[in-house]
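The values are calculated or read from the model by the stated rules, or taken from the named source; none is laboratory data. Nothing here was measured: the structure is a model prediction, and the numbers come from that model. Note that each Cβ is placed from the backbone with ideal geometry, even for glycine, and that neighbours are counted across all protein chains shown. Surface accessibility is based on the protein's heavy atoms, side chains included, excluding ligands, DNA and RNA. Shrake-Rupley method; radii C 1.70, N 1.55, O 1.52, S 1.80 Å.
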Amino acid sequence: MADDLPLPQLRSDPTTESFTKNAARKRARLSSPPVSSDPALFSSDDDPSADNYTQERRKKKYRGPWYHQRPASDAGQDSEDAPEKKRRTFERQFDSGVFMGSDGTDVDEVLEELESRNASTLPLPLSHSHRTQAGHRVATTEEVVKSQIHGCLEEGNENIDFSSRGLKRLSNATIRPLATFARVPPVIEGVYTRLEPKLKVFLASNDLTSLPGEIFKLDHLIVLSLRGNQFEELPPGIGKLSSLKELNLSQNSLRCLPFEILELFSDTSRLNSLNLHPNPFYQPEVPPNPEDDRQEEESQYKIGLGNRGRTRPRRGAVCGVSPVQRRRSWHSQWSVTYQVRTEVRYLDINGTRLKGPDFSKDTARIPVADVNDTPQAPTSRGDYKSRAPSLLEVALNACSRTSQLPLLPSYLPEDSPPVLIDLLTFAVSKKDSGGSKCTTCGRNFIVPRTEWIEWWEIAKVLDRNGMASAASPLRQMENERDVLESMVPLMRRGCSWLCVPEPVTVVNGSAAADETELAD
Amino acid sequence: MASSSQNQGLSKYVTLISLDGFEFVVLREAACISKAIAKMLNTQSNFMEAKDGRCVFGEINGIVLEKVAEYFYYNYKNRNKEDVPDMEIPPELCLELLMAADYLDT
Ligand SMILES: [Zn+2]
C-alpha cells in the first residue's frame, strides 16, 4: 500500500534547510492521515493540514550565536508553559498501534494513555516508574519511541519519525528491533517477492548528543536526519551506513566529523544528499605567507562556481596529496580532496593531552601543520616505541568486553582514583555508540593515543563544468566563507604513538590543483 | 644475576614481588615501560628498589602481577612490529588489572 501513495518529497533542498528561512524551522509534523492503516506521512511544508496544528509554535525566536539557533520551544521541551499545555492534543491511530503526539504532547499524558488503553498489549517495564524525576522523563520518552518502532514494524511503515520528541538519548535496545524490519511484500499469488526495506529515520529537533551503535547496523537505512540536535561529535560508525542516500547533520554543535564519514563517498556508496551546515566547524588557520599575497588577492576574484582553481587556500605551504586520497576510489558524484591537517595531539594512556594543539570548545580556528611536518612523539616510555596498546588499554578492553561493563564502576574500591571511573564511563559510552578503530592501523581502541584533524574538501560534482560545495550544492560559491565551508574538518584518531599521519606528497599549489583536475 | 653485573652497577633483570609473596623476574628494559617502576628503579633516587632491583607491590596480588609481567614481555616482544596481536585477559581479572595498570602507570 505504501507504494501506491505519493510520498511527500523529503526536504533535502538546502534552501529550505537554511536556518535563515523560516521554512527550515518547520518540524516534520504529522498530517492527519485518513483513518486507515496507511502509514503516517510526514507533512511536507506545503501540506495545509499541518497548519491546523499548534500554530503558535511557528513563531520562533532566535537568540545567541547562529550555531545555537534552535527554536526556543525545541530547547524547552521539558519546561512547560501552562497555556500551551491546554492546547496540546493527542491522537492515536487506532488501527496502527502507533502513538503520535502533537508537537508538544506531554510525555506523561502519552504514557497515561498508553497505560490505560493498551496496558495488556504494550506492557511497560515497572522499573521505569521508579526512576528519579529526570530519569523518569527520559525513560518514558524512550518508551513511547519504543512503542512507535513496534508499530512501524507491525505495519511495515518505513518512515520512522521521532522528530521533536525532546529525546536526550536513544538506547541500543530501542533501535535494535529496526534491524528486523522487513518490507511487506505485495501480495502476488504464488510469487514471494522479497523487497529491500528502505528505512528512513528522522531524529530532527531533539536533544541527542550521541547515537546508539545499533543504528549503524541498519543496512537498509537510506535517510537519516539528525538536524537540530546537540551533537558535538558523531560516532565513527556513521561511515558504516553504506545504503545512505540522504544525511542531514545541520544545526548541531559539530566541530568536526569523524574521519570514517569519508566511507560514505566511496565508489560503492549511494550518498546523494548531504547537509552539513550550519555547524560550528573548526576552521583551519593558515599562516600568512607574504609571497602569496598577490596571488591571494587574485583568487578572491576568481573563486566561484566553475572556477577550477578555486577552493584551495593559497597561503602557506598547504598543498599536499594524502596517501589516503590516492589509495581510495571515490564515487564519481563526489569530489573528495585532502587539504590540510593540524599537528598531532599526543595523549597519555588515560587520554590526557601531553603534546599538540588544543581542540577545546572555545577554539574556532586551529593552526594547520606545515606540509612537511613530521610528527614527533613526546618523550617515550622506556627506550622504545611500540604499537602495542598500553596495559591500561588492554585491561579496559577486557572490561569493555564483559557484559557487566556498566556495573564495573560500582565494583571499584571506594578509594580508587577518579580517573578509573572516568575511563570505565568512557568505555561504556564508546561501546554503546559502536566502538572505534584506529584510522591508521585499524585496531580497535577505547582511549586514543593520537588525534589530529584533517580538512577535506567534499564537493558534489554537478556536471563536467562545475561543482559546488557539499554545504550548498546549488548555490554559487561567491566568497571566502563559502570556500572555507568546503573545508570539512575530519577527526582522525590513532591507537598508538606510532599511528600518525603518513607524509603527504608535496606539490606546489598550482601543481596540486592540476593534479586533482586530472583526477576529476 | 645481580652480582654478575655489579661492575655496570645495574642488573639486566629486576624482580617484581606481589603482596602475597610471588616473585617475577623480568627484563629491566621491559619493566621500565611502567613509569612507576622506572621511577622506583631510577638510580638517582635513593629508593631501596634501585639498589637491589626488587620492587614490592603491596597492593597487587600474584595472579594480577603475573599478568602484568606477561604484559611487559608482550609489549617488549612487539616493539617495532607493525602487526601487534591482542593480549588475552581473563574477564575476571580485568578490573584488578585496570587498577594495577593505573597504579603502575603502564
Ligand atoms: Zn593504530
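222 nm [θ] for chain B, helices only, -39500 (n - 2.57) per DSSP H run of 4+, per residue, to 500?
One gets -11000 deg cm²/dmol as the mean residue ellipticity at 222 nm.
Let me make sure I get this right: for the stretch A:138-275, a, b and c are the square roots of the gyration tensor eigenvalues over alpha carbons, sorted descending. Under 1.5 in a/c it's rounded, otherwise prolate if a/b > b/c, else oblate. Which is it? Cα axes put the stretch A:138-275 in the oblate bin.
In the structure shown, the pairs A:Lys355/A:Lys385; A:Lys217/B:Lys81; A:Lys146/A:Lys200; A:Lys217/A:Lys430; A:Lys430/A:Lys460 are assessed against 24 Å; a Cα-Cα span above that value is assigned to A:Lys217/B:Lys81; A:Lys430/A:Lys460.
A simple spin-label model places pseudo-atoms 7 Å from Cα toward Cβ; at A:Glu285 and B:Lys81 they are separated by 4.2 nm. Net length available on complete extension from A:Arg327 to A:Glu232 is 31.3 nm, with 0.36 nm assigned per residue and the Cα-Cα distance removed.
Could you calculate the FRET efficiency of A:Glu502 with B:Glu88 from 1/(1 + (r/R0)^6), where r is the beta carbon distance between them and R0 is 35 Å, rounded to 0.05? If you can, show how the numbers build up before the last one.
On the way: r = 31 Å, r/R0 = 0.88.
Efficiency, from the Cβ-Cβ distance: 0.70.
Per-residue shielding of B:75-88, expressed as the average number of other chain Cβ atoms within 10 Å of the residue Cβ, stands at 5.
Counting only heavy atoms of protein chains, what accessible area per residue, in Å², does the stretch A:138-275 have with a probe of 1.4 Å? Write down the numbers at each step before the final one.
Details: 4840 Å² over 138 residues.
Ligands and nucleic acids excluded, the figure is 35 Å² per residue.
With the charge dipole of the stretch A:138-275 set up from +1 on Lys and Arg Cβ and -1 on Asp and Glu Cβ about the Cα centre, the Cα lying farthest toward the positive end among the listed residues A:Thr140, A:Phe181, A:Pro258 is that of A:Pro258. Our compactness index for chain B, the C-alpha radius of gyration over the empirical 2.2 N^0.38 Å, is 1.08.
Buried accessible surface for the A/B chain pair comes to about 2600 Å², total over both chains, computed with a 1.4 Å probe.
Just how large is the dipole of the stretch A:138-275 about the Cα centre, in debye to the nearest 20, putting +1 at every Lys and Arg Cβ and -1 at every Asp and Glu Cβ?
Details: 15 positive and 17 negative charges, 23 e Å.
The calculation lands at about 120 debye.
What you get for chain B, charging only the Cβ of Lys and Arg (+1) and of Asp and Glu (-1), is a dipole of about 620 debye around the Cα centre. Rounded to the nearest 10 degrees, the angle from helix B:62-77 to the longest Cα principal axis of chain B is 80 degrees.
Interface burial in the stretch A:384-399 reaches 20 Å² or more for A:Tyr384, A:Lys385, A:Ser386, A:Arg387, A:Ala388, A:Pro389, A:Leu391, A:Leu392, A:Val394, A:Ala395, A:Ala398, A:Cys399, comparing the full protein assembly with the chain by itself; accessible area from heavy atoms with a 1.4 Å probe.
Amide H contacts of A:Leu208: A:Gln230, each under 5 Å away and 5 or more positions distant or on a separate chain (H built 1.01 Å from N in the peptide plane; Pro and chain starts excluded). Proximity of backbone amide H atoms, modeled 1.01 Å from N, is registered between A:Trp334 and A:Val461 at under 5 Å, excluding neighbours fewer than 5 places apart on the same chain.
In this rough spin-label picture, where each label sits 7 Å from Cα along the Cβ direction, the A:Ile421-A:Arg176 distance is 2.8 nm. Considering only DSSP beta bridges with both partners in the stretch B:4-104, what is the antiparallel share in %, to the nearest 5? Among the beta bridges of the stretch B:4-104, antiparallel pairing accounts for roughly 60 percent.
Roughly to the nearest percent, how much of the accessible area of the stretch A:138-275 is carbon and sulfur, given a 1.4 Å probe? It would help to have the intermediate numbers written out before the result.
Values: 2390 of 4840 Å².
Answer for the stretch A:138-275 is 49 percent, counting heavy atoms of protein chains only.
Under the simplified labelling scheme, the B:Met48-A:Leu412 pair shows an inter-label distance of 3.0 nm, with each label point 7 Å from Cα along Cα→Cβ. Its relative contact order, with pairs defined as Cα atoms under 8 Å and 6+ residues apart, puts chain B at 29 percent. Database remark: amide H of A:Lys355 closer than 5 angstrom to the amide H of A:Tyr346 (H placed geometrically; neighbours at sequence offset of 5 or more, or on other chains; Pro and chain starts carry no H).
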